[in-house]
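A short worksheet on the structure shown next.
The values are calculated or read from the model by the stated rules, or taken from the named source; none is laboratory data. None of these values were measured; they are calculated from a predicted model. Cβ atoms come from the backbone with ideal geometry, glycine included; neighbour counts cover every protein chain shown.
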Amino acid sequence: MEEDFFTDELFDVLEAVQGKKFGEIIEWDEVVFDKKRGFLVWDKVVFNEITFVAAENSEYVSLFASVDKEDTWENYERILKVYKK
């Protein structure tokens, strides 16, 4: 992964999230979800999870979880097409 994989804003937003610990970040993109600007984040701890994290207040919504990487990738792409900024 590139050294500048995270933007400063994404790093700050993820650090401010209360009640959720992120694992290894596999993929992320800026999106607009429910009229809120933020980030679509795919991370992996024990399983793969796709989460929306609002940039304004670091609130988050889990959108998908799976142990299957291919299934997660397909769902990440599907969700991204709908909400890409």
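Evaluate the range 54-65: report whether one residue or more is loosely packed, with under 13 Cβ neighbours inside 10 Å and among the acidic types (Asp, Glu).
Yes, the range 54-65 contains a residue that is loosely packed, with under 13 Cβ neighbours inside 10 Å and among the acidic types (Asp, Glu).
All but one of (1) surrounded by 12 or more Cβ atoms within 10 Å (Cβ to Cβ); (2) β-branched (Val, Ile, Thr); (3) out of contact with any strand residue (DSSP E or B) (no Cβ under 6 Å at 6 or more places or on another chain); (4) modelled with pLDDT of 95 or more hold for ILE50; which doesn't?
The number of the failed condition is (3).
Kindly provide the set of residues from the range 55-71 that are touching a residue at least 40 places away in the same chain (Cβ under 8 Å) and part of a strand (DSSP E or B), ordered by number.
TYR60
Regarding the range 46-59, can at least one residue be identified that is at positive phi and either among the polar types (S, T, N, Q) or in contact with a helix residue (DSSP H, G or I) (Cβ under 6 Å, 6 or more places away or on another chain) (or both)?
Yes, the range 46-59 contains at least one residue that is at positive phi and either among the polar types (S, T, N, Q) or in contact with a helix residue (DSSP H, G or I) (Cβ under 6 Å, 6 or more places away or on another chain) (or both).
Tell me, yes or no, whether the range 72-81 has at least one residue that is part of a strand (DSSP E or B) and modelled with pLDDT of 95 or more.
Filtering the range 72-81 for residues part of a strand (DSSP E or B) gives none.
No, there is no match, as no residue in the range 72-81 is part of a strand (DSSP E or B) and modelled with pLDDT of 95 or more.
Looking only at residues that are outside any helix (DSSP H, G or I) and of a type outside the set (S, T, N, Q) in the range 1-14, which one is modelled with the lowest pLDDT?
If we take residues in the range 1-14 being outside any helix (DSSP H, G or I) and of a type outside the set (S, T, N, Q), then MET1 is modelled with the lowest pLDDT.
Within the range 15-37, restricting attention to residues that are assigned to a loop (DSSP other than H, G, I, E, B) and within 23 Å of GLU74 (Cα to Cα), which residue is nearest to the chain's Cα centre (by Cα)?
Per the criteria, the residue is PHE22.
For residues in the range 38-54 being assigned to a strand (DSSP E or B) and of a type in the set (A, V, I, L, M, F, W, C), which is farthest from LEU10 (Cα to Cα)?
Filtering the range 38-54 for residues that are assigned to a strand (DSSP E or B) and of a type in the set (A, V, I, L, M, F, W, C), the one farthest from LEU10 (Cα to Cα) comes out as ILE50.
Considering only the range 24-46, state which residues are of a type in the set (D, E, K, R), touching a Gly at 6+ places or on another chain (Cβ under 8 Å) and free of Cβ contacts under 8 Å to residues at least 40 places away in the same chain.
If the condition is that a residue be of a type in the set (D, E, K, R), touching a Gly at 6+ places or on another chain (Cβ under 8 Å) and free of Cβ contacts under 8 Å to residues at least 40 places away in the same chain, then ASP43, LYS44 are the ones that fit.
I want to confirm something. Restricting to the range 11-41 and keeping residues that are small (Gly, Ala, Ser) and over 19 Å from VAL67 (Cβ atoms), which single residue is surrounded by the most Cβ atoms within 10 Å (Cβ to Cβ)?
Result: GLY38.
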